[in-house]
Amino acid sequence: MTTLTTPEGEPPAATDGEAFLSVRDLEVHFATEDGTVKAVDGLSFDLMRGRTLGIVGESGSGKSVTNLAVLGLHDPRNTTVRGSVRLAGQELTGAPERTLERLRGNTMAMIFQDSLTALSPYYTVGRQIAEPYRKHTGATRRQARQRAVEMLAKVGIPNPGRRVDDYPHQFSGGMRQRVMIAMALVCNPDLLIADEPTTALDVTVQAQILDLLGELQQEYGSAIVLITHDLGVVANTADELLVMYAGRAVERGTVREVLSSPRHPYTWGLLDSMPRLSTPVDQSLRPIPGAPPSLLATPAGCPFHPRCAYTGQVEGDRCATERPALAAGRAAACHLDAHAQATLRRTTR
Ligand code: ADP
Ligand code: MG
């Protein structure tokens with residue numbers, strides 16, 4: 001139980017230099033007719049090469065917006081992105097579109113939830129895999145086609161030499177997801193962002209796709225950001241975990257630390273609201289009462305305080321007035337003291 005006695009605020013263990021992906025104080029604000037939507041509001045995280053970071057949180061917590069910002073895909077006409085996103089030491093916020101375009105698909109790539117919208121219905125899958133490869137490597141048409149066949153084989157598509165000339169609609173959902181993975185990996189990206197990559201798939205196919213990502217990571221040593229609302233998915237796949245709420249990180253640690261001794265009341269709520277194999281049959285799932293706040297007017301103090309059952313355990317009205325910081329390393333952004341964070345959930349369940 002050493003994690004429970006580690007004082008908050010301690011810096012993370014020394015690492016060899018900067019993380020491969022380093023996000024600091026990221027803000028993504030959308031100007032809308034109703035006002036400013038603070039979709040991401042002061043988010044920081046690090047990811048090392050060869051590691052997988054799981055980002056979890058309810059729908060609308062800012063997971064996708066965060067990663068679109070990493071890829072530089074927000075529309076500058078109505079979106080303000082502030083803070084720092086560094087990839088292999090290179091600052092990406094404010095980088096010229098030309099630079100980002102070169103990095104996208106080549107150094108960093110994304111897998112989306114919905115392969116039907118990510119793939120064009122009008123071109124063969126072979127062409128869609130080969131095209132970015134030609135663009136980034138200057139390979140010939142013939143070489144690129146050969147590469148597409150190789151990639152289809154690699155992601156486990158039977159008869160790749162024939163299927164390379166098929167169109168997306170000729171594949172099942174699971175196979176199409178594999179095609180999208182082949183497309184994302186064709187240039188050996190060092191950073192792979194997978195946004196709910198298995199949400200649309202049934203459980204068996206889901207497990208196959210996650211296994212495949214793990215194998216490819218072993219082979220290529222890529223860093224993976226795995227976005228999901230499903231803690232079960234990260235439990236088996238990720239190394240580190242970042243829990244997001246209302247555009248902020250509320251808890252971080254290794255997957256093991258966060259799942260076995262969660263410290264933030266929001267994480268407790270997430271865990272209690274999800275079915276797990278270990279949940280006894282007679283123990284009903286408890287949804288978190290209330291709803292996430294409007295991001296047009298995020299509550300002052302801790303954004304979770306209106307839904308939190310533990311504000312009475314904190315002196316004065318700090319939860320409503322003072323924004324809790326998220327320290328480096330294993331930490332929760334919560335005003336409960338370390339002892340309460342470590343023990344309250346156990347005694348109240
Ligand atoms: P999720 O965690 O489910 O991926 P998102 O990152 O997609 O959540 O969205 C976070 C919040 O930002 C949501 O409230 C969403 O409505 C809002 N949002 C996303 N894109 C835009 C946009 N282009 N304009 C205004 N609000 C947006
Ligand atoms: Mg999303």
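The values are calculated or read from the model by the stated rules, or taken from the named source; none is laboratory data. Bear in mind that the values here come from a model prediction, so they are computed numbers and not experimental data. Note: ideal-geometry Cβ built from the backbone for every residue, glycine included; neighbour counts use all protein chains shown.
Points worth noting:
- Pairs, first within 15 Å of T267 (Cα to Cα) in region 284-298, second more than 16 Å from ligand 1 (Cβ to nearest atom) and among the polar types (S, T, N, Q), C-beta under 8 Å, six or more apart: L285/T279
- Among the candidates V125, V81, V149, residue that is in the same structural domain as G42 (by TED's automatic domain parsing) and at pLDDT 95 or above: V81
- Residues being more than 14 Å from ligand 2 (Cβ to nearest atom) and hydroxyl-bearing (S, T, Y) - total across region 48-82: 3
- Pick from region 239-276, criterion crowded, with 23+ Cβ neighbours inside 10 Å and among the small types (G, A, S), ranking: nearest to L326 (Cα to Cα): A249
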